[in-house]
């Protein structure tokens, strides 16, 4: 109980002394995710379907373009379009914040052995701690709603992009790095023009995994007030409505497949087959 009591006291101390900071973060994240959600909910469904299907066709080929088209039409016909856009907005907002934080951490980890030795066990903790545990500080810091769901999702989904960014930078051939330095490149030029481009396939794999892990949190996030498909799944579970739970779960699967196919091919040349 010593560790648990210490953690509880620490979280209570943060809540008592930094409530203004948490309120500011809450308002900022609410505004950001609200804007994203408002846009995708406002956009007519047929335009959204055309955008996603066109992107999938361009980047992932005609088969995945057809899969995207049929999948989104099926979600619309099931009546879950608004909830799907809410879930997509939550995933998009969480992914943006996770990438904005995780990629610099991954670069720092690859460049600094001391930082790497500190960051790696933290990532192990973030990935193996049961996701439900993150809901406790999230609710204490931000109350109920979309923001604590986003906070918990970010913590759960960030480790893959940190690890894979670090791995991608570390795997850049040493002879290329030395040759670039010999031509007088600054550390920033080396990073921007050599290391990041060569590491990009690995980094994009981390982006893909971050998105998938964000989607896996939608039901858990709905337990603390996040809207979207997770809320419908939770209704199906709590009300023992098997059909509703299955249909909303199927919508999550279809959305995950669509985003997975698109993000897997973002860094590749366009496919036409």
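Here are some conditions: (1) under 23 Å from the mean Cα position of the chain (by Cα); (2) within 25 Å of residue 218 (Cβ to Cβ); (3) modelled with pLDDT under 90. Residue 11 meets all but one. Which one does it not meet? With (1) under 23 Å from the mean Cα position of the chain (by Cα); (2) within 25 Å of residue 218 (Cβ to Cβ); (3) modelled with pLDDT under 90 applied to residue 11, the lone miss is (1). If the condition is being assigned to a helix (DSSP H, G or I) and within 17 Å of residue 135 (Cα to Cα), then region 151-166 contributes 151, 152, 153, 154, 155, 156, 157.
Can we say residue 28 is free of Cβ contacts under 8 Å to residues at least 24 places away in the same chain, within 20 Å of the chain's Cα centre (by Cα) and on the phi < 0 side of the Ramachandran plot? Considered against the rule, which asks whether it is free of Cβ contacts under 8 Å to residues at least 24 places away in the same chain, within 20 Å of the chain's Cα centre (by Cα) and on the phi < 0 side of the Ramachandran plot, residue 28 comes out as yes.
Conditions tested, residue by residue: (1) in contact with a helix residue (DSSP H, G or I) (Cβ under 7 Å, 6 or more places away or on another chain); (2) within 21 Å of residue 258 (Cα to Cα).
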residue: 6; (1), (2): no, no
residue: 11; (1), (2): yes, no
residue: 14; (1), (2): no, no
residue: 20; (1), (2): no, no
residue: 39; (1), (2): no, yes
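If you check residue 172 against the conditions, is it at pLDDT 85 or above, part of a helix (DSSP H, G or I), surrounded by 17 or more Cβ atoms within 10 Å (Cβ to Cβ) and within 29 Å of the chain's Cα centre (by Cα)? It is false that residue 172 is at pLDDT 85 or above, part of a helix (DSSP H, G or I), surrounded by 17 or more Cβ atoms within 10 Å (Cβ to Cβ) and within 29 Å of the chain's Cα centre (by Cα).
For residue 179, are the conditions met, namely being part of a helix (DSSP H, G or I), at pLDDT below 90 and under 17 Å from the mean Cα position of the chain (by Cα)? So residue 179 does not fit the description; no.
The values are calculated or read from the model by the stated rules, or taken from the named source; none is laboratory data. Just so we're clear, the structure is a prediction, and the values are computed from it rather than from any experiment. Note that we place each Cβ from the backbone using ideal geometry, even for glycine, and neighbour counts take in every protein chain shown.
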